[in-house]
Amino acid sequence: MVSKFRNIGLILVGAAAGILLSLNFQAIAERSARNPLPVEELRAFTEVFGAIKQNYVEPVEDKKLFTEAINGMLTGLDPHSAYLDADAFRDLQVGTQGQFGGLGIEVGMEDGFVKVISPIEDTPAFRAGIKPGDLIIKIDDTAVKGMTLNDAVKRMRGKPNTQITLTIARKGESAPIVVTLTRAIIRVQSVKSKVIEPGYAFVRISQFQERCGKQVIGNKAASGTEIIEELGPRQLETGELIVYTSVDSVFQVAAHTDKVSLDELYRCCTIAREILVGDWAIGRVIARPFIGEPGAFVRTADRKDFALAPPGRTVVDMVADREMEVISIGKVSNILGNRGFTDSVHTSSDQDGLEKTRSLFAKRFGGLVLVNLVDLDTLYGHRNNSQGYAQALEELDRHISRALEVRGVHDMIFLTADHGCDPTHPGTDHTREYVPLLVMGGLLRQGVNLGTRSTFADVAATISDHLRLDELESGVSFLSTILQEPAGT
């Protein structure tokens, strides 16, 4: 149930100022340009307006005429949109967020009926078995058809411990379902959680849709490519956002760029990032735009990560404090909260990232460059493509050899990974083997066994040691283990 408007919400300013509500969710955007006024159409409107004022059987206030005209304009274009003036919008907010006496359902309009978007957990509606997609066709003895969304919400709200009867049409059911509920105090939380067993928890975002202004589908753990194949055709038709997670601490939002612009997708991910903090903070919110047709969807290089800020000072912060260059190639700056970087270089592939890294090395620079390469993971590891994985490793090896040719004698190159992704292992998730740590440089000893390190912070500590920065709170430097002894000692 998604509005056909490219921008879901607009501020409408005039004699009857108000807020456009689509899916009963607030979403506001500003128009960047004005089209010429349709003079003939406006003249027809004023003629009809004047005729109604003069000839209608009873007096009608100007405000009511304007309000109903705007509402008719919206619902005529899109049955999922409704117009509320400022007072009506405030009333509706009481019924959809915060604390109120009611049933506990997020609702919108569809074809003149109230459509259930989602029941709120642990509320009368949830316990009564009301489901997403149910159409409320009658409230007590009053038919919903013809009601405004605001009127319907007002009727469903009420004093706690009072009863209300809803008549519901449900897909797949031949006859309407009649449900009697007892109103209760509804307290809505942005993030709900429940520990299923030690080490495992269920986390649900209940107000992401309301703040983003779009309905979501998916809501499960899934492979990124598989879920867009499954739900991409529906998303391309409706504009709903595909939301899913994986074995990592991530909240991923996918949308076809023909239906949801990159700016809109990034805006929704920013909202999710604001919600997913505190006790149940999620490590990364990831925007996953895709293109193509059903059966041939492809994720684009415009992925964007919205990560939690590092909890303390990092080696990147320390290098930046010394006014040295800190350059991100790939998505590293996103992962570290875009903090401390002097430059961030977008890449479209590993090949692109490696070429840009080699060009940077050839220019000489003073500071730190962090390069993120993802094709081994996303294109080959997760896809169980061992042949492609092997070829990508060989290509990586060739680029490292070229990089070594242009590096300075005092430069150091660290090569590591944040997790395993074995393409020969059953399944498509990350695998849990140890990851490599290779260090190269002109002043380093050869063949030093670094052993099994207890933390990635050892790499940061070694970099800090090499650049003569302050000591980090975590990690043990292994610089003295790998440096050559000065000649003549």
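Quick notes
- Dimensionless Rg ratio for region 357-482, taking C-alpha atoms and the 2.2 N^0.38 Å reference: 1.16
- Remark: ILE228, ILE120 ranked as ILE120, ILE228, counting other beta-carbon atoms within 10 Å and listing the fewest first.
- Computed FRET value (nearest 0.05) for SER223 with SER474, which takes r as the C-beta separation and R₀ as 25 Å: 0.15
- Potential lengthening of the chain between SER454 and LYS63 amounts to 133.8 nm, from the contour at 0.36 nm per residue minus the alpha-carbon distance.
- Fewest neighbouring Cβ atoms within 10 Å first, the residues TYR434, TYR380, TYR244 line up as TYR434, TYR380, TYR244.
- Within straight-line cross-link reach of LYS138, aspartates and glutamates at Cα separation under 15 Å, skipping those fewer than 8 residues along the same chain: GLU110, ASP111, ASP151
- A full extension of the chain between ALA143 and ARG445 corresponds to an added length of 100.5 nm, given 0.36 nm per residue minus the alpha carbon distance.
- In straight-distance terms, cross-link reach from LYS154 covers every one of the aspartates and glutamates whose alpha-carbon lies under 17 Å from its own, apart from those fewer than eight places away in the same chain; here that gives ASP85, ASP87, ASP91, GLU106, ASP140, ASP141.
- Stretching the chain fully between LEU467 and VAL409 yields a gain of 19.5 nm (0.36 nm per residue, less the alpha carbon separation).
- Whichever lysines have a C-alpha closer than 24 Å to that of LYS259, once near sequence neighbours (fewer than 8 apart) are set aside: LYS4, LYS115, LYS214, LYS220, LYS304
- For HIS425 and THR180, a Förster radius of 45 Å and the Cβ-Cβ distance give a FRET efficiency of 0.25, rounded to the nearest 0.05.
- Spin-label model, ARG398 to ARG383: label points 7 Å out along the Cα-to-beta-carbon direction sit 1.9 nm apart.
- In terms of surrounding Cβ atoms within a 10 Å radius of their Cβ, LYS356, LYS331 rank from fewest to most as LYS356, LYS331.
- Per-pair calculated FRET efficiency, R0 = 51 Å: MET324 and PHE45 via Cβ, rounded to 0.05: 0.20
Computed from the coordinates by the stated procedures, all read-outs in this text should not be read as laboratory data. This structure is a prediction, so every number in the text was calculated from the model and none was measured. Heads up, the Cβs are rebuilt from the backbone with ideal geometry, glycines too, and the neighbour counts pull from every protein chain shown.
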